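Since the structure comes first, as structure tokens, the remarks are kept for the end.
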Amino acid sequence: MYATSPKSKPGSAVTLEMVAARAGVGRQTVSNAINSPELLRPETLERVRRAIGELGYRPHRAAQALKTRSSRLIGYGIRSGGTGVPTPVLDQFLHSLSEAADQAGYRVVLFAVAPEADELTCYQRLLDEHGADGFVLSGTERGDLRQGWLHDRGVPFVAFGRTWSGRDVGDWVDVDGAAGTAAAVRHLAGLGHEKIGFLGWPKGSGVGDDRARGWHGAMRELGLPVRGRRVECLDDPAAATVAAGRLLAGGATAVVTASDTLALGWYRALRRDGRTPGADAAVIGFDDSPIAPLLFPPLSSLAQPLDAVGRECMRLLLARLDDVGRPAEHTLLTPELVLRDSQ
């Protein structure tokens, strides 16, 4: 049985001494539970952790940093645009990542990276000025210098996105875009469609090419023609409307798109011709963004498991912080096909 002190009032500061009183142990025992849990007996450690949870105690980060020479800060560079990943996707990913970091006793620090700046200088500055323990990257692309730069300096990092070119270094978590678009093609073919197009981004984008590869592989697997069925444009509804018009003129009855933004172009091109999305020509987007269920008809789309991505990124980064010499680990997650009325 341990001592019971009143729960702290909202906004009041919970101290180490309050946790010790609640758990019925000494102050040093609480400190050991936080910094050196291996020193305690399991039942004592459990009692202290229960008291910490009940009181909502947060270790003083500055004091911990002095003891461990760790800032407990994880850097995340925000690019000004052109990452190839829609903003709602990044918002959801960052929320999941920050939540997982907080549970592990870390904070995610956002820093801006201007397009005209030397991006790597921004990473060096955060290391020098704030002593970031590691970094999370996203929007990885061909020719990306960040992974190699961080790896060569022994800085722990994890990437949301594969290393698309050059040395495949470091830990990464990614969503299997090829598996997603292949599943979309098989679904549309199962509905009787044979002329299934792909509306994607210009070649050279790692993410975009991966999604195109899944469409192409599934079409070949099913014995369906691919010639003239792939068109490319920037991730813009107006440009997508023009590109979608070319697919429709070629006789496509369904399309898989590299993003929900491109799917908007399919909707517009159909309506321009007096036809209805879904009923007259099917479409499956990618990312299951907030606009997908709001369109008319609601858009079928491939949802990225972003909560799992954020948690897995933090798991890999924590493992790297614990052992910088461990072999690199890669995780590929499968998107979910969310069916609505556009197919």
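Where a number appears in this text, it was derived from the coordinates with a stated rule and is not lab data. As the structure is a computational prediction, the values presented were derived from the model and not from experiment. Glycine also receives a Cβ, built like all others from the backbone with ideal geometry; neighbour counts cover every protein chain displayed.
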Residues of the stretch 123-150 with amide N under 12 Å of a point placed 7 Å along Cα→Cβ from residue 169
145-150
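What's the longest uninterrupted piece of the chain once you rule out the trypsin sites (Lys or Arg not before Pro) that are loop residues per DSSP with at most 14 other Cβ within 10 Å?
70-141
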Could you size up the charge dipole of the chain around its Cα centre, putting +1 on the beta carbon of Lys and Arg and -1 on that of Asp and Glu, and report it in debye to the nearest 20?
420
Kirkwood Rh (inverse of mean 1/r, distinct Cα pairs), the chain, angstrom:
22.7
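Which net charge results for the neighbourhood of residue 96, defined as the other residues with beta-carbon distances under 14 angstrom from its beta-carbon, given Lys and Arg at +1 and Asp and Glu at -1? Write down the numbers at each step before the final one.
Working: positive: 311, 315; negative: 91, 99, 102, 307, 312.
Result for the local shell: -3.
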Could you list 194, 38, 141 in order of exposure, starting from the residue whose Cβ has the fewest other Cβ atoms within 10 Å?
38, 194, 141
Assigned charges on the beta-carbon of Lys, Arg, Asp, Glu; the stretch 102-173 dipole about Cα centre (debye):
160
Mean-square fluctuation check for the chain, GNM, Cα pairs under 10 Å: which of 237, 298, 42 is largest?
42
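Would you mind counting up the charge near residue 252? Only other residues with Cβ under 13 Å from its Cβ, with Lys and Arg at +1 and Asp and Glu at -1. Each step should come with its number before you reach the end.
Values: positive: 195, 227, 229, 230, 246, 275; negative: 194, 273, 280.
So the environment of residue 252 carries a net charge of +3.
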GNM on the chain, Cα springs under 10 Å; top mean-square fluctuation among 120, 247, 90 goes to 120
With Cα springs under 10 Å, the Gaussian network model of the chain assigns the largest mean-square fluctuation among 163, 140, 121 to 121
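Relative contact order of the stretch 16-59: what whole-number percent is it, with Cα pairs under 8 angstrom and at least 6 residues apart? Could you put the intermediate results ahead of the total?
On the way: 35 pairs, mean separation 18.1, N = 44.
Here the relative contact order equals 41 percent.
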Take the Cα atoms of the stretch 218-343, build their convex hull, and give its volume per residue in Å³.
136
Grab the Cα-Cα distance for residue 191 and residue 296, subtract it from 0.36 nm times how many residues apart they are, and report the gain in nm with one decimal.
35.8 nm
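Add -39500 (n - 2.57) for each DSSP H run of 4 or more in the chain, then divide by its residues: what number comes out at 222 nm, to the nearest 500 deg cm²/dmol?
Numbers: 12 runs with 148 residues, N = 343.
Computed ellipticity for the chain at 222 nm equals -13500 deg cm²/dmol.
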Starting from the amide H of residue 197, placed 1.01 Å from N in the peptide plane, find each other amide H under 5 Å away whose residue is 5 or more places distant or on another chain.
253, 254, 255, 256
Residue 227 versus residue 118, label points 7 Å from Cα toward the beta carbon: distance in nm?
5.1
